[in-house]
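Chemist: Structure below; questions to follow.
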Amino acid sequence: MSGISRNRVGRAAGLDTAVPALVMRLDDNIFHHGTLAVVRSLGRAGVEVHAVLEGRHAPVSRSRYLNRMHTWQGTERTPAALVAELGAMAERIGRRALLIPVDDQGAIIVAEHAAALEPSFLLPRQSPTLPRRLADKAELAELCRRLGIAQPETRVIATLGDVASAVARLGLPLMAKWARPWLLPKGARLRSTSLVQRREQAVRLLGQAGGHGSKLLFQRFVPDSPGSDWFFHGYFDENSSCLFGGTGRKERAYPARSGLTTFGRWLDNPTLEAVAHELGRALGYRGVLDLDFRHDPRSDAYYLLDFNPRLGAQFGLFRDGDDLDVVRALHLDLTGRQAGPPRAAYGRTYLVENYDTVPALYQRRSREITWRQWWGSVRGADELAWFSADDPRPFVAMGGQTLKRAFTRLSHRNRNG
């Protein structure tokens, strides 16, 4: 940010501990491990960390590195109401803090209302309209076409004629996506992304469109194979230069093949890294981003599947030899400091304990992995999303909440027999 002198420091330990941080999340998800990762990363560096959580039942609230939990008080989550609540939180914190949104809706609100938030919070000087355009999958497709970024052909679906035309053009299977997944109604059981195998499925999805403000999209399916799914996490400064970033391969995901990373590996991929850096520069992007790609060996192309204009939940995979990661790079840069060149830790692995069993079962059935290999990956993971010897209580609380949720669902199923 302008007006702040820069002092180069060689280690991530050089964070300005006088500047606290507030982790902001609008999506009600007590199992969001990315929130815990931010709390631990900055807390271990001596930064005072605050977080907006669902309540004391959220496992993150048990972390020794969390200074204070805040909750959304209002029942109406309009942008104006949320900005006002953030202002009240800033008053309780007592000094200007780094604001870190960890979901798309939060990133959109922060960018669009930065002028009102900046007196209380440190923020990247992002273009106000850019996060909404990138998180909207329909607008992202248009941006990719204009910038020449490889993306599977995408069509907006509004009528039965659109369904027939898309199926004829794209073939089956195809991917169905909701353009603005954060607008999908709670409890509607609408997945943001799903694989469509039959025409009847496509027609049924069209029947669920309307009323929630999110367009239905059909996208050409890029065949998946072991090792084809990749991601990039990075932090871009005020000049849209990447100060810290890394490429990782998604070894397992939940749901299998199309969901969040449950086991990932940091690997050197100069081609993909160059694509990500160029995309950030072309967009004039500032701040943290999380990109998902799928590699198609037939064309040797990396297709951009998703652009998350905020911190990715598995950013903890990319912690380098100096303990620098994306969120620490963000803190250093916005407080007028800058870390030395990253020391990549290629081969480093990251595992999400409460989600990884299901994709492991999928790979076991398809004979992609044995139980011995899966257990070896669990035992040998360099970073676990929940368990940490120096901060064990969130893991215990996560286990308790997982069991509670399982018993609740079982009881509900038995009652409705």
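The values are calculated or read from the model by the stated rules, or taken from the named source; none is laboratory data. Model, not experiment: these values are computed from the prediction. Here the Cβ positions follow ideal geometry from the backbone for every residue, glycine too, while neighbour counts run over all protein chains shown. The accessibility values were calculated without ligands, DNA or RNA, using every heavy atom of the protein model including side chains. Shrake-Rupley method; radii C 1.70, N 1.55, O 1.52, S 1.80 Å.
Chemist: Yes or no: R319 within 29 Å of V222 (Cα to Cα) and part of a loop (DSSP other than H, G, I, E, B)? Give the derivation first.
Modeler: On the way: within 29 Å of V222 (Cα to Cα): no; part of a loop (DSSP other than H, G, I, E, B): yes.
Spelling it out, it is not the case that R319 is within 29 Å of V222 (Cα to Cα) and part of a loop (DSSP other than H, G, I, E, B).
Chemist: Oh, and also: Show the residue pairs that are 6+ apart or on different chains and have beta-carbon atoms under 7 Å apart, the first residue being within the range 253-270 and under 17 Å from R365 (Cβ atoms), the second being part of a loop (DSSP other than H, G, I, E, B).
Modeler: A253/G259; R257/D224; T262/V352
Chemist: Shifting gears a bit: Would you pick out the residues in the range 289-300 that are open to solvent by 20 Å² or more (accessible area, probe 1.4 Å) and either within 27 Å of F121 (Cβ to Cβ) or not in a loop (DSSP other than H, G, I, E, B) (or both)?
Modeler: Scanning the range 289-300 gives D292, H295.
Chemist: How many of the residues in the range 379-407 are aliphatic (A, V, I, L, M) and assigned to a loop (DSSP other than H, G, I, E, B)?
Modeler: Residues meeting the conditions: 3.
Chemist: Given the conditions (1) among the β-branched types (V, I, T); (2) surrounded by fewer than 21 Cβ atoms within 10 Å (Cβ to Cβ); (3) under 30 Å from V49 (Cβ atoms), which single one is not true for V352?
Modeler: (2)
Chemist: Would you check which residues across the range 148-164 are surrounded by 13 or more Cβ atoms within 10 Å (Cβ to Cβ) and assigned to a helix (DSSP H, G or I) and list them?
Modeler: Within the range 148-164, D162, V163, A164 qualify.
Yes or no, residue by residue, for (1) over 19 Å from the mean Cα position of the chain (by Cα); (2) farther than 23 Å from R191 by Cβ; (3) open to solvent by less than 10 Å² (accessible area, probe 1.4 Å); (4) acidic (D, E):
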position: F232; (1), (2), (3), (4): no, yes, yes, no
position: Y235; (1), (2), (3), (4): no, yes, yes, no
position: E238; (1), (2), (3), (4): yes, yes, no, yes
position: E273; (1), (2), (3), (4): no, yes, no, yes
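Chemist: Within the range 201-221, how many residues turn out to be open to solvent by less than 10 Å² (accessible area, probe 1.4 Å), among the aliphatic types (A, V, I, L, M) and outside any helix (DSSP H, G or I)?
Modeler: 2
Chemist: Then there's this: Please go through the range 70-86 and pick out each residue that is over 17 Å from F121 (Cα atoms) and of a type in the set (A, V, I, L, M, F, W, C).
Modeler: Hit for the range 70-86 is W72, nothing else.
Chemist: Now a separate question. Answer with yes or no whether A313 is among the small types (G, A, S) and over 21 Å from the mean Cα position of the chain (by Cα).
Modeler: no
Chemist: Could you check how many residues of the range 382-392 are open to solvent by 50 Å² or more (accessible area, probe 1.4 Å) and not aromatic (F, W, Y)?
Modeler: 4
Chemist: Oh, and also: Could you check Y285 against (1) surrounded by fewer than 17 Cβ atoms within 10 Å (Cβ to Cβ); (2) part of a loop (DSSP other than H, G, I, E, B); (3) of a type outside the set (A, V, I, L, M); (4) in contact with a strand residue (DSSP E or B) (Cβ under 9 Å, 6 or more places away or on another chain) and say which number it fails?
Modeler: Among (1) surrounded by fewer than 17 Cβ atoms within 10 Å (Cβ to Cβ); (2) part of a loop (DSSP other than H, G, I, E, B); (3) of a type outside the set (A, V, I, L, M); (4) in contact with a strand residue (DSSP E or B) (Cβ under 9 Å, 6 or more places away or on another chain), the lone unmet condition for Y285 is (1).
Chemist: Kindly state which strands (runs of 3 or more DSSP E) lie completely within the range 7-97 and contain at least 1 residues that are surrounded by fewer than 20 Cβ atoms within 10 Å (Cβ to Cβ) and not hydrophobic (A, V, I, L, M, F, W, C).
Modeler: It comes to 66-70.
Chemist: Residues in the range 176-198: is at least one polar (S, T, N, Q), under 22 Å from V358 (Cα atoms) and in contact with a helix residue (DSSP H, G or I) (Cβ under 7 Å, 6 or more places away or on another chain)?
Modeler: Within the range 176-198, one or more residues are polar (S, T, N, Q), under 22 Å from V358 (Cα atoms) and in contact with a helix residue (DSSP H, G or I) (Cβ under 7 Å, 6 or more places away or on another chain).
Chemist: So which residues in the range 355-381 are in contact (Cβ under 8 Å) with a residue 60 or more places away in the chain, open to solvent by 30 Å² or more (accessible area, probe 1.4 Å), within 25 Å of the chain's Cα centre (by Cα) and over 20 Å from L311 (Cα atoms)?
Modeler: Of everything in the range 355-381, those that are in contact (Cβ under 8 Å) with a residue 60 or more places away in the chain, open to solvent by 30 Å² or more (accessible area, probe 1.4 Å), within 25 Å of the chain's Cα centre (by Cα) and over 20 Å from L311 (Cα atoms) turn out to be V358, Y362.
Chemist: On to the next question. Among the residues of the range 341-393, write down those that are over 20 Å from G227 (Cα atoms) and modelled with pLDDT under 90.
Modeler: Hits for the range 341-393 are P341, P342.
Chemist: Write out, first by first residue and then by second, each pair whose Cβ atoms fall under 7 Å of each other, whose residues are 6+ apart or on separate chains, and whose first residue, in the range 131-159, is more than 14 Å from G280 (Cα to Cα) while the second is aliphatic (A, V, I, L, M) and assigned to a loop (DSSP other than H, G, I, E, B).
Modeler: So the pair list comes out as D136/A179; K137/A179; A138/A179; P152/V222.
Chemist: Can you give me the number of residues within the range 174-195 that are over 16 Å from N308 (Cβ atoms), surrounded by 14 or more Cβ atoms within 10 Å (Cβ to Cβ) and of a type outside the set (A, V, I, L, M, F, W, C)?
Modeler: Counting residues in the range 174-195 that are over 16 Å from N308 (Cβ atoms), surrounded by 14 or more Cβ atoms within 10 Å (Cβ to Cβ) and of a type outside the set (A, V, I, L, M, F, W, C) gives 2.
Chemist: Oh, and also: Out of the range 393-417, which residues are within 29 Å of V38 (Cβ to Cβ) and open to solvent by less than 60 Å² (accessible area, probe 1.4 Å)?
Modeler: P394, A397, M398, G399, G400, Q401, T402, A406
Chemist: Give the residues of the range 317-336 that are over 28 Å from S377 (Cα atoms) and either touching a Pro at 6+ places or on another chain (Cβ under 7 Å) or surrounded by 20 or more Cβ atoms within 10 Å (Cβ to Cβ) (or both), sorted by residue number.
Modeler: A329, L330, H331, L332, D333, L334, T335
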